[in-house]
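All remarks here apply to the structure that follows.
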Amino acid sequence: MFSVHQFPRSWRLISFTTEKLTSTPLWWLWSCHCHTGPDVVLQPSEQKRAFNNQVTKRHKTERSPCRPVLDLFDQQYHQELGDLWPSARSVLLDRQSWQYGVMLNRFAAVTDVTQILQSQGFSRFLPQTDVSTLLTDAPSPVSNVKYQTGKDSLLSPHCSSKCPSDDSHPQPDSTSHRLSQDIQSEVLLRLLRPSLQCYIHQYPLRFPSQAHRPGQLKQYYLLNAASLLPVLALHIRDREKVLDLCSAPGGKAIAIMQCANPALLCCNEPDQHRRDWLAKTLESFLPHSLNSKVIVSAQDGRWFGQNEAITYDKVLVDAPCSNDRSWLYSCSSQQGEQRLKERARLPALQAQLLRSALSAVRPGGLVVYSTCTLSSSENYAVVEKVLDDFPEAEPEDLWEEIAIPLSKYFAFSPAHPGHGQTSHKLSLQPQNGTVSSYHHRLGILVVPQPGKTWGPMFLSRIRRRQ
Ligand SMILES: C[S@@+](CC[C@H](N)C(=O)[O-])C[C@H]1O[C@@H](n2cnc3c(N)ncnc32)[C@H](O)[C@@H]1O
């Protein structure tokens with residue numbers, strides 16, 4: 001019997017004081033590839049010591065790519081991507097070149113982080129206006145809320161597009177201390193204008209990851225910026241019911257909550273260990289007052305469509321996949337070989353998950369299918385197969401909506417007829433009207449390239465017809 005479990009947690013309330021951040025020198029950020037970076041509050045002398053340790057650690061732990069995986073990629077991707085593969089390969093093999101995005105958390109005060117990011121040359125790749133251009137739906141009613149400014153106001157004024165600084169995050173002020181924390185966070189939630197903000201740098205700088213801060217929400221999440229594209233493609237709006245079918249560790253769930261105030265976000269993850277990780281992520285980024293709106297479920301996603309048919313407005317299927325970046329650095333050849341064996345089973349599982357999502361979404365609703373592999377058998381082929389069995393499902397064009405506007409930052413390739421069979425030159429600089437076919441509506445692929453190292457990320461959007 002299907003059941004959604006209320007997420008048992010004691011979420012912390014938004015704290016109205018942030019810890020002091022020091023502006024971090026560039027040398028500290030440069031090429032710091034360790035995933036568990038230091039807390040951002042380190043003093044300069046400590047920073048330097050930590051930096052030296054990190055560099056030493058990095059040299060000691062620098063892993064070489066797993067040979068069996070690389071050999072298979074060479075064979076397969078040379079065929080599938082043609083001339084694009086050698087440059088994608090060079091990026092995947094040069095971890096020093098990898099870029100990282102910094103997604104801000106709208107539920108925490110982030111002015112200090114924003115200032116540091118800007119002083120280090122980071123900039124937003126999704127300015128407010130770009131997002132609203134991408135999202136063709138009506139603006140959220142929350143964004144129209146008017147509220148007072150001045151001594152008694154709960155929040156500082158929200159900057160419009162005329163604001164001198166583009167960082168229009170409303171920040172709590174000290175007067176709010178007189179309210180109970182619950183009321184504070186409720187009010188904050190109603191007034192905060194949803195906005196997905198991600199900072200990126202043209203060079204491969206790694207912003208330090210943020211340590212757990214007791215009683216405080218994390219201010220930002222580090223990620224591959226391409227992983228925000230499936231969330232953007234979903235067009236999340238206020239009061240919708242959203243299902244994140246394969247949710248752990250929760251990066252996209254956090255991104256969804258930056259975009260709007262859904263009535264419900266169900267984060268599903270069947271693997272216990274990964275579900276604990278997901279729970280920790282939600283607890284670190286979302287306030288207690290969202291407890292009833294963001295729930296965690298532990299189902300096998302393949303049965304969701306049966307158990308919760310026609311229930312959701314939007315469903316994200318960020319499917320288990322080959323994960324090219326991580327597989328390339330498998331711990332050992334044996335692990336790499338084991339993974340390659342599992343690879344053959346993935347497309348069947350992915351197709352089942354996508355079918356289940358299409359059953360769980362209401363007529364007129366949207367499903368976004370995404371993976372972080374370049375493999376066409378896990379991408380276009382899965383979408384094509386599922387569309388064949390699902391006449392109510394219609395693929396939508398993401399080329400004009402996402403690939404063209406964001407081609408300054410990401411290298412995109414559309415699907416081509418015969419994908420996976422022949423080598424072909426793919427368009428990295430999409431031009432208006434260059435691609436318009438059924439095949440191109442199967443999805444778009446972000447291919448890592450020098451200077452645009454984001455991805456791999458495949459995304460396809462499917463609407464369930466009325
Ligand atoms: C690519 S990861 C998801 C990443 C996540 N969306 C994020 O942004 O942090 C895929 C997840 O699917 C989960 N998964 C594997 N089999 C599944 C199934 N049958 N149903 C639902 N989820 C599954 C895996 O445990 C894994 O956590």
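The values are calculated or read from the model by the stated rules, or taken from the named source; none is laboratory data. As the structure is a computational prediction, the values presented were derived from the model and not from experiment. Positions of Cβ are backbone-derived with ideal geometry, glycine not excepted, and every protein chain shown enters the neighbour counts.
Tabulated data for the structure shown
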| read-out | value |
| --- | --- |
| Sole residue being touching a strand residue (DSSP E or B) at 6+ places or on another chain (Cβ under 6 Å) and either farther than 25 Å from VAL446 by Cα or surrounded by 21 or more Cβ atoms within 10 Å (Cβ to Cβ) (or both), chosen from GLN299, GLN272 | GLN299 |
| Failed condition for ALA108, given (1) assigned to a helix (DSSP H, G or I); (2) at pLDDT 90 or above | (1) |
| Test: residue in segment 329-338 that is charged (D, E, K, R) and within 12 Å of the ligand (Cβ to nearest atom) | no |
| Residues (assigned to a helix (DSSP H, G or I) and away from the ligand (no atom under 12 Å from the Cβ)) located in segment 258-279 | GLN258, CYS259, ALA279 |
| Filtered residue count, segment 220-245, keeping only those that are assigned to a loop (DSSP other than H, G, I, E, B), surrounded by 24 or more Cβ atoms within 10 Å (Cβ to Cβ) and either within 12 Å of the ligand (Cβ to nearest atom) or not β-branched (Val, Ile, Thr) (or both) | 2 |
| Residue match in segment 224-247 (condition: under 17 Å from the mean Cα position of the chain (by Cα) and under 15 Å from PHE107 (Cα atoms)) | no |
| Among (1) touching a residue at least 24 places away in the same chain (Cβ under 8 Å); (2) away from the ligand (no atom under 16 Å from the Cβ), the one test that SER407 misses | (1) |
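Yes/no per residue for (1) touching a Gly at 6+ places or on another chain (Cβ under 7 Å); (2) near the ligand (Cβ under 9 Å from one of its atoms); (3) touching a residue at least 12 places away in the same chain (Cβ under 8 Å):
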{"site": "ALA309", "(1), (2), (3)": "no, no, yes"}
{"site": "LYS314", "(1), (2), (3)": "yes, no, yes"}
{"site": "ASP318", "(1), (2), (3)": "no, yes, yes"}
{"site": "LYS341", "(1), (2), (3)": "no, no, no"}
{"site": "ARG355", "(1), (2), (3)": "yes, no, yes"}
{"site": "ARG362", "(1), (2), (3)": "no, no, yes"}
{"site": "GLY365", "(1), (2), (3)": "no, no, yes"}
{"site": "LEU374", "(1), (2), (3)": "no, no, yes"}
